[in-house]
Each structure stands twice: as C-alpha cells, then as structure tokens.
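Enquirer: What follows is a structure written as structure tokens; I'll ask about it next.
Derivation of every value follows stated rules applied to the coordinates shown; laboratory data play no part. Not measured: the values here are computed from a predicted model. Please note: Cβ atoms are built from the backbone with ideal geometry, for glycine as well, and neighbour counts cover all protein chains shown.
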Amino acid sequence: MSEEWTERRDRMVTEQLRSRGLTDERILAAFRKIPRHLFVPEAYRREAYEDHPVPIGEGQTISQPYMVALMIAALQLQGHEKVLEVGTGSGFQTALLSELALEVVSVERIAALAGGARERLATLGIGNVRLRVGDGSLGYPEHAPYDGIIVAAGAPDAPAPLLEQLADAGRCVIPIGSQRAQTLVRFQKRHGRLHREDLADCVFVPLIGGHGWRAEELHD
Ligand code: SAH
C-alpha cells in the first residue's frame, strides 16, 4: 500500500502541480515527501491525492493540493525563514512549510483540529513547528516579525496585525473577499511600504476572529 501512496503522490505532483506551471523543485519534493493521506480522516483517505479540497471535520477542509502549492510558492521561501501560518487545520500545509522554512509558528482556532495536527506532526518527527490555539487574525506577536505569513482562511480584508508582524522584505499570502469567493492576494513589505498583487481566484472557509469575520456574520 505504501508504494501505491507514493505513486499517487508522484502523480499528483506531475499532473496537478508541474503541469500547471509550478516548477520550484523544493516545493515539489516536499509534496512528494509529506504523506497527505495521513492528514485526512479515514473515510476520505482514498481521495487524499485528488484535485479538490477534502473535509477534515469541524466544518473545515484541507485545501486542494494545487492551491496549497500556489500559496506556498507565492511565499518564495529559500529555507532560512520564520513563517507564521494562520489556520493549521489538518497540519498538512504546516508539514510542507516545515520542510521549506527554518521555523514555523501555526495558529488554529479549533482546539480539536490543532490536537490532531500536533499528533500527526509528532508522528512524522517534525520538530521546527510551534502550534498554538487561538485567533490567528491577531497574528502571533510573541515571535514576530515573520518573513512569511500564510493564511488558509478567507478574510474580509487583510488583518492589520498580520501586516504589522511582517518583516521587511517579507511576504503575506491571504485570500480576501466575500464569504463565498475570494482573491488570493500577496502583500510584500519593502522599506516599510506594502505592495499588493492579486494572484488568483479562490474559495476558502472563513477566517473567524477579531480581524476576520465575526461568528454572527457567517452564512452558508
Ligand atoms: N491549511 C489547512 C487548511 C485548513 S482550513 C490544512 O492544510 O489542512 C482553514 C483553517 O483555518 C480551519 O481549520 C479553521 O478552523 C481555521 N481558522 C479560521 N479562522 C481562524 C482564526 N482566526 N485563527 C486561526 N485559525 C482559524
């Protein structure tokens, strides 16, 4: 079976990532290495390498592989960075980031999901990640500034604390828009000024918190 998973991973990389123009070899190697099927619930394991998001419980989803790769590529990591991730979810993207950056701080608002992610990362022997339960729309000032910030949930606007916690020359990648549809946006800080680029259309679960959507504003 493990060979079959490896084959599926290789196929995912070739057919969903490389063929769509994602060619950063470090990122592709990380996708070939991290066992995505261990990050989805048993019932969905066979869909783990398919070209769509998969439910992970608590009404949340693990993003489509291509979207995860696109977001990580937009961070342009070289390996020496400190990265803040908002929305740990299953921990899959966290595991990829742990391969591609020096250290990762990841914040998840749902304790049950953070607990599952913690177990999986420990099982894989991943040590350069700090997981925290809380409202990541406030960032995580204790370890700021960050060279990269990646938000895996859709926000009505870029949360000010995240942009403040971005290091100079740092990049923040975040879906911004309505609850139904967003634009993936990259902010780059250069000499204290923020430059915005719109990268792609996307659909994410909502970022819920002080600088995201308020729980009472949610609709489905
Ligand atoms: N990257 C994840 C995808 C998670 S989906 C993965 O690979 O599995 C988005 C996650 O963001 C959900 O788990 C949701 O609970 C979380 N989330 C939403 N608002 C948040 C907030 N304000 N702070 C931290 N996490 C948040």
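Enquirer: Which of the residues that make up segment 58-99 are of a type in the set (D, E, K, R) and either more than 21 Å from Asn128 (Cα to Cα) or within 6 Å of the ligand (Cβ to nearest atom) (or both)?
Expert: Going residue by residue through segment 58-99, those that are of a type in the set (D, E, K, R) are 58, 81-82, 85, 99.
Scanning segment 58-99 gives a single hit, Glu58.
Enquirer: Scan (1) free of Cβ contacts under 8 Å to residues at least 40 places away in the same chain; (2) more than 23 Å from Gln64 (Cβ to Cβ) for the single condition Ala158 breaks and write down its number.
Expert: Tallying (1) free of Cβ contacts under 8 Å to residues at least 40 places away in the same chain; (2) more than 23 Å from Gln64 (Cβ to Cβ), Ala158 fails exactly one: (2).
Enquirer: Going by the structure shown, is Gly210 over 22 Å from Phe92 (Cβ atoms), within 14 Å of the ligand (Cβ to nearest atom) and in contact with a Leu (Cβ under 7 Å, 6 or more places away or on another chain)?
Expert: Values: over 22 Å from Phe92 (Cβ atoms): yes; within 14 Å of the ligand (Cβ to nearest atom): yes; in contact with a Leu (Cβ under 7 Å, 6 or more places away or on another chain): yes.
The answer is yes for Gly210.
Enquirer: Which of the following residues is among the aliphatic types (A, V, I, L, M) and closer than 17 Å to Val205 by Cα: Ala158, Ala117?
Expert: On the way: Ala117 fails: closer than 17 Å to Val205 by Cα.
Selected residue: Ala158, the only one of Ala158, Ala117 that is among the aliphatic types (A, V, I, L, M) and closer than 17 Å to Val205 by Cα.
Enquirer: Given the residues Arg196, Arg130, Arg171, which is the only one that is surrounded by 23 or more Cβ atoms within 10 Å (Cβ to Cβ), in a strand (DSSP E or B) and among the basic types (Lys, Arg)? Quick ask: steps written out before the conclusion?
Expert: Values: Arg196 fails: surrounded by 23 or more Cβ atoms within 10 Å (Cβ to Cβ); Arg130 fails: surrounded by 23 or more Cβ atoms within 10 Å (Cβ to Cβ).
Sole residue among the options that is surrounded by 23 or more Cβ atoms within 10 Å (Cβ to Cβ), in a strand (DSSP E or B) and among the basic types (Lys, Arg): Arg171.
Enquirer: Within segment 105-118, which residues are of a type outside the set (Val, Ile, Thr) and either within 11 Å of the ligand (Cβ to nearest atom) or touching a residue at least 12 places away in the same chain (Cβ under 8 Å) (or both)?
Expert: First, the residues of segment 105-118 that are of a type outside the set (Val, Ile, Thr): 106, 108-109, 111-118.
Selection gives Ser106, Glu108, Arg109, Ala111, Ala112, Leu113, Ala114, Gly116, Ala117, Arg118.
Enquirer: Out of (1) hydrophobic (A, V, I, L, M, F, W, C); (2) under 21 Å from Arg120 (Cα atoms); (3) out of contact with any strand residue (DSSP E or B) (no Cβ under 7 Å at 6 or more places or on another chain), what's the single condition that is false for Phe92?
Expert: Here Phe92 clears every test but (3).
Enquirer: Here is a list: Leu131, Leu121, Leu138, Leu102. Which entry is hydrophobic (A, V, I, L, M, F, W, C) and either away from the ligand (no atom under 12 Å from the Cβ) or under 16 Å from Ser63 (Cβ atoms) (or both)?
Expert: Details: Leu131 fails: either away from the ligand (no atom under 12 Å from the Cβ) or under 16 Å from Ser63 (Cβ atoms) (or both); Leu121 fails: either away from the ligand (no atom under 12 Å from the Cβ) or under 16 Å from Ser63 (Cβ atoms) (or both); Leu138 fails: either away from the ligand (no atom under 12 Å from the Cβ) or under 16 Å from Ser63 (Cβ atoms) (or both).
Going through Leu131, Leu121, Leu138, Leu102 in turn, the sole match is Leu102.
Enquirer: For segment 1-95, which fully contained helices (runs of 4 or more DSSP H) count at least 1 residues that are more than 20 Å from Pro175 (Cα to Cα)?
Expert: Details: elements: 2-12, 25-33, 65-75.
By residue number, 2-12, 25-33.
Enquirer: Still on this structure, please answer the following. What are the residue pairs meeting all of these: first residue in segment 71-87, first residue in contact (Cβ under 8 Å) with a residue 12 or more places away in the chain and farther than 23 Å from Val203 by Cα, second residue within 16 Å of the ligand (Cβ to nearest atom) and in a helix (DSSP H, G or I), Cβ atoms under 6 Å, and 6 or more apart or on different chains?
Expert: Leu77/Leu100
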